[in-house]
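Here the structure is laid out as structure tokens; the discussion comes afterwards.
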There are 4 protein chains.
Amino acid sequence: MIYTRTIPIEFCHCDPAGIVFYPRYAEMVNHMVENYFIDVLGYSFAEMMAAGQGMPTARLEVDFRKPSRLGDRLNWTLAVEHLGRSSARFLVRAEDRIEARSTVVWMERDFTPSPWPEAFRAKLEAYHA
Amino acid sequence: MIYTRTIPIEFCHCDPAGIVFYPRYAEMVNHMVENYFIDVLGYSFAEMMAAGQGMPTARLEVDFRKPSRLGDRLNWTLAVEHLGRSSARFLVRAEDRIEARSTVVWMERDFTPSPWPEAFRAKLEAYHA
Amino acid sequence: MIYTRTIPIEFCHCDPAGIVFYPRYAEMVNHMVENYFIDVLGYSFAEMMAAGQGMPTARLEVDFRKPSRLGDRLNWTLAVEHLGRSSARFLVRAEDRIEARSTVVWMERDFTPSPWPEAFRAKLEAYHA
Amino acid sequence: MIYTRTIPIEFCHCDPAGIVFYPRYAEMVNHMVENYFIDVLGYSFAEMMAAGQGMPTARLEVDFRKPSRLGDRLNWTLAVEHLGRSSARFLVRAEDRIEARSTVVWMERDFTPSPWPEAFRAKLEAYHA
């Protein structure tokens, strides 16, 4: 399965060249992961923090293929490219514009890497491409 | 040679976990490249735009090694890791916290990839590690 | 009439105190005005710029009444509190959290204040509270 | 006395019209207040949070007088326009570009408004214009 969302490109995303300023794409990647957790795993970042858990990003790779402009409505997709014991690499794409890989680590007790909870693992597997 | 700047971690950079939100690091990487151009190449992004030139980022890779906290003062370095005919890959680091590689493409006339101007190439070479 | 939108509070909006960092509210106010133009006036900021028009914000007043937290879903409203010949003051609110007033100026030719186009004025009047 | 800082306008601050996007000014106002606390009161926001204190912004008013462009170096000033028992209104200006008033509330124990600590009050008084 593939998780999808549409993000309209608004004034706040664009730079003086009239295209998306690339750090704003990093925010969109985070938005995709955050909402995938809410919509698919049924677990919000708010719940995660309240439970003393965390999921820091360990590595981010982004290829910027074509510029996006004010008014574009980008169709984004998220899939799990690699699923480790306590980590995952998400492949997050927006059409022919950008392709991002975000590696996260699941952390519990004292903020140490911990195995994915079983309920999460099953759902992450379902989106494992 | 290595280009250096210090960036204090301020309230606006930090997330609810009290550490730098990673898209803010992408802004810091851009800040490093932008100021390297001003300080070393003597050419600002404002001049670049006025001249109809551009320097889009084609690829960004970031390893987040340790979190940074509000009040930290990070010592950043920038070197040229690879210098192509019309591209460059900058290695941008902040101590033991993050290591980023940003690949940019120099563009002129009609926004097509163009060879680096000679004056720029000489200076980029000097920072080629 | 009143224009409404819901904005979920995400990780990117929140500060180390776990509440919305107030400059992010300013972005939300801009988001409300930008989407009101698209949805109600049928005119996007992209079209506005392509036509050499602009609508700078001349004044912004915000009262922050209660903090908003990660995971909140804020119901925002926008109404036209004052409609001038070439300006408008929008009243933009999110429940009991914030109340903002944003005064914009319509600009055409050479970026000088100009009377609202008639089609816009009629629609702005309809949202004049 | 007046507190001063220079802020260079960089790529990340500017919108597709090539001028500072106004929510970025709100970040600059926060930057001014945050650094005034560090430089004048000798107290960082990090220390404030560690001590369970806080200083939320209750009201922000900004007049945007003239646009600022990429490459501008803005000279900012901060003065205390009004000093209350547990609140203060800062007047924060950047040349002929913007004039902002930010009202903050000092909070301690259980995050309730509390009188300014004496040492702070004396320093705030010194910047009371």
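The values are calculated or read from the model by the stated rules, or taken from the named source; none is laboratory data. Please read these numbers as outputs of a predicted model, since none were measured by experiment. Neighbour counts are summed over all protein chains in view; Cβ atoms, including those assigned to glycine, are modelled from backbone coordinates with ideal geometry. Keep in mind that these areas ignore ligands, DNA and RNA; they rest on the heavy atoms of the full protein, side chains included. Shrake-Rupley method; radii C 1.70, N 1.55, O 1.52, S 1.80 Å.
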> Between chains B and A, what is the buried accessible area in Å², counting both sides, with a 1.4 Å probe and ligands, DNA and RNA left out, to the nearest 100?
Replying inline: 1900
> In square angstrom, what is the accessible area per residue of chain A with a 1.4 angstrom probe?
Replying inline: 42
> Let a ≥ b ≥ c be the square roots of the eigenvalues of the Cα gyration tensor of the protein assembly as shown; is it rounded (a/c under 1.5), or, if not, prolate (a/b larger than b/c) or oblate?
Replying inline: rounded
>> Considering only protein heavy atoms and a probe of 1.4 Å, how much of the accessible area of the protein assembly as shown is carbon and sulfur, as a whole percent?
In response: 51
> What is the sum of charges around B:N30, taking Lys and Arg as +1, Asp and Glu as -1, for the other residues whose C-beta is under 12 Å from the C-beta of B:N30?
Replying inline: -2
> Roughly how many whole Å is it from the C-alpha centroid of segment D:91-129 to that of segment B:6-53?
Replying inline: 29
> Say we join alpha carbon atoms closer than 10 Å with springs in a Gaussian network model of chain C; which of C:M48, C:M32, C:M107 then has the biggest fluctuation?
Replying inline: C:M48
>> Just to check I understand the Karplus step: with θ = phi - 60° and J = 6.51 cos²θ - 1.76 cosθ + 1.60, what whole-Hz values come out for segment C:33-40, glycine and proline as x?
In response: 5, 4, 7, 4, 4, 5, 6, 9
> Could you give, in nm with one decimal, how far D:R5 is from each other copy of that position, shortest first, with labels 7 Å out from Cα toward Cβ?
Replying inline: 1.5, 3.0, 3.1
> If you plug each phi of segment D:113-129 into the Karplus form 6.51 cos²θ - 1.76 cosθ + 1.60 with θ = phi - 60°, what whole-Hz ³J(HN,Hα) values come out, in order, with x for Gly and Pro?
Replying inline: x, 9, x, 4, x, 4, 4, 6, 4, 4, 6, 4, 4, 5, 9, 7, 8
>> Cut-off 11 Å, label point 7 angstrom out along Cα-to-Cβ of B:A126: give me the residues of segment B:2-21 whose amide nitrogen falls inside.
In response: B:2
> Per residue of B:2-12, what is the mean number of Cβ atoms on other protein chains within 10 angstrom of that residue's Cβ?
Replying inline: 4
> Where does the charge balance sit around D:P16 when Lys and Arg score +1, Asp and Glu -1, over other residues with C-beta under 11 Å from its C-beta?
Replying inline: -2
> Say we join alpha carbon atoms closer than 10 Å with springs in a Gaussian network model of chain D; which of D:R89, D:R59, D:R101 then has the biggest fluctuation?
Replying inline: D:R59
> B:R65's amide H: which non-local residues (gap 5+, or another chain) put their own amide H closer than 5 Å, with H modeled 1.01 Å from N in plane and none for Pro or chain starts?
Replying inline: B:I98, B:E99
> With every protein chain left in place, what is the accessible area of B:E125 in Å² (1.4 Å probe, nearest 10)?
Replying inline: 90
>> Using the Cα centre of the protein assembly as shown as the reference point, and only Cβ charges (+1 on K/R, -1 on D/E), how large is the resulting charge dipole? Debye, rounded to the nearest 20.
In response: 0
>> How far apart, in nanometres, would the label points at D:H82 and B:T77 be if each is projected 7 angstrom from Cα along the Cα-to-Cβ direction?
In response: 5.1
> Whose amide H sits under 5 Å from the amide H of A:C14, counting only residues 5 or more places off or on another chain, with H placed in the peptide plane?
Replying inline: A:F21
>> Just checking the output field for C:30-43: average partner chain Cβ neighbours within 10 Å of each residue's Cβ?
In response: 2
>> Closest beta-carbon to the D-to-A rotation axis: which chain D residue owns it, and what is the separation in whole Å?
In response: D:P16, 3
> Rounded to the nearest 5, what % of the DSSP beta bridges within chain C are antiparallel ones?
Replying inline: 95
> Using the Cβ atoms and a cut-off under 11 Å, what net charge is assigned to the surroundings of D:A79, where Lys and Arg are +1 and Asp and Glu are -1?
Replying inline: +2
> Out of D:A58, D:A100, D:A26, any idea which swings most in a Gaussian network model of chain D, alpha carbons joined below 10 Å?
Replying inline: D:A58
>> Over segment A:28-121, what portion of Cα pair distances is larger than 23 Å, expressed as a whole percent?
In response: 27
